[in-house]
Amino acid sequence: MPVEIHRDTAGQRSDYTIEQNWDSYTPEEHATWAKLFERQVRLLKDRVVPVFMDNVDGLAMAGDGIPDFRRLNDILGKATGWSVVAVPGLVPDASFFEHLANRRFPSTCFIRTPEQLDYLEEPDCFHDVFGHVPLLLDPVFADYMQEYGKGGLKAEGQGALRRLARLYWYTVEFGLTRTSQGLRVYGAGIASSTGETVFALDDPSPNRIAFDLERVMRTDYRIDDYQETYFVIPGFASLMRATEPDFTPIYAALDELPDIAAGTVTDGDHVLHFGTGRYHRDRHRATA
Ligand code: PHE
Ligand code: CO
């Protein structure tokens, strides 16, 4: 029943937002958050970009339950001008970009059931809040997210959404970054997943390749399993610089080039780790 309250589209506004209804979470739902939170904080300590954990603290996200968006927004608003708005699920592209361009992050407010602790096909509030919100407190990353939203509104009219979506996927969701302490996670899709955190950083199977804008925009991705390739940025400022130019001529140039399969390594790649590909080969054999 509570899951439904937090996915209810009845009171949905024209920008797809709803009320979080924080008071109606059950103790079980708060306990699910607490379990996920505790496990992920422990795992991420030496695996996530340090500013992520600092900001988890800064937002006073605690292990005792699902954060109240009103409280998060007090802190976020003062720091970077971002806010979290509740939505029942995925929102249409145009609306998603419109929110980001205005420094609003659309977040689900339902939480997975205890049976879905390890895997869920769609984002819930643990992914959206724990995975995405800490970096909205980082001034550079906060700007990147807004620029991405503006870029999305522009790309829609240029038929380039597929390319721009790949950029989001391989940075905001599944990005890795170098730090003085070694390779770290910053993508929310990794940071909210126990299995993928370990896979992305430590498993010999996936490729780890230095981020290159055009390369990323040409690369397919998996939505149903761990990634076959992760792209590594030197830091947020560098990501920001790489994405600053007008993409219009880049989109046009890429139309002449073929797409690259998710697991392929190409001649021009700066390869940090050449993946064995074993994980996905075994999976295919198992399901064939
Ligand atoms: N520079 C991009 C454009 O011209 C906009 C953008 C910035 C997209 C940052 C993504 C991230 O479309
Ligand atoms: Co996400």
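The values are calculated or read from the model by the stated rules, or taken from the named source; none is laboratory data. Nothing here was measured: the structure is a model prediction, and the numbers come from that model. Ideal geometry is used to build each Cβ from the backbone, glycine not excepted, and the neighbour counts take in all protein chains shown. These accessible areas exclude ligands, DNA and RNA; they are computed on the full protein's heavy atoms, side chains included. Shrake-Rupley method; radii C 1.70, N 1.55, O 1.52, S 1.80 Å.
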Checked segment 1-51 for anything in contact with a strand residue (DSSP E or B) (Cβ under 8 Å, 6 or more places away or on another chain) and within 30 Å of residue 181 (Cβ to Cβ); matches are 44, 47, 48, 49, 50
What do you reckon, is residue 196 charged (D, E, K, R) and within 16 Å of ligand 1 (Cβ to nearest atom)?
-> no
Among the residues of segment 202-212, is there at least one that is among the basic types (Lys, Arg), in contact with a strand residue (DSSP E or B) (Cβ under 9 Å, 6 or more places away or on another chain) and open to solvent by 10 Å² or more (accessible area, probe 1.4 Å)?
-> yes
Determine the pairs where a residue that is within 18 Å of residue 153 (Cβ to Cβ), located within segment 235-258, has a partner that is of a type in the set (D, E, K, R) and open to solvent by 50 Å² or more (accessible area, probe 1.4 Å) with Cβ atoms under 7 Å apart, the partner being 6 or more residues away or on another chain.
-> 243/147; 250/214
Taking the condition crowded, with 22+ Cβ neighbours inside 10 Å, away from ligand 1 (no atom under 15 Å from the Cβ) and under 26 Å from residue 66 (Cα atoms), does residue 185 pass?
-> yes
For segment 225-254, the count of residues that are more than 18 Å from residue 176 (Cα to Cα) and more than 15 Å from ligand 1 (Cβ to nearest atom) equals 0
Would you say residue 108 is among the polar types (S, T, N, Q), within 14 Å of ligand 2 (Cβ to nearest atom) and either in contact with a strand residue (DSSP E or B) (Cβ under 8 Å, 6 or more places away or on another chain) or closer than 20 Å to residue 6 by Cβ (or both)?
-> yes
Subset of segment 135-145 that is surrounded by 14 or more Cβ atoms within 10 Å (Cβ to Cβ) and not aliphatic (A, V, I, L, M) - its residue that is nearest to ligand 1 (Cβ to nearest atom) = 144
The residue from 148, 170 that alone is in contact with a strand residue (DSSP E or B) (Cβ under 6 Å, 6 or more places away or on another chain), open to solvent by less than 40 Å² (accessible area, probe 1.4 Å) and under 22 Å from residue 230 (Cα atoms) is 170
Enumerated helices (runs of 4 or more DSSP H) restricted to segment 135-206, each holding at least 1 residues that are β-branched (Val, Ile, Thr) and more than 12 Å from ligand 2 (Cβ to nearest atom) = 139-156, 194-202
Hey, among the residues in segment 88-134 that are part of a loop (DSSP other than H, G, I, E, B), of a type in the set (A, V, I, L, M) and over 13 Å from residue 36 (Cα atoms), which one's least open to solvent (accessible area, probe 1.4 Å)?
-> 91
Being more than 26 Å from residue 140 (Cβ to Cβ) and either away from ligand 1 (no atom under 16 Å from the Cβ) or not basic (Lys, Arg) (or both) narrows 282, 212 down to just 282
List the pairs whose first member sits in segment 68-86 and is over 20 Å from residue 18 (Cβ atoms), whose second member is surrounded by fewer than 13 Cβ atoms within 10 Å (Cβ to Cβ), and whose Cβ atoms are under 7 Å apart, counting only residues at least 6 apart or on separate chains?
-> 80/139
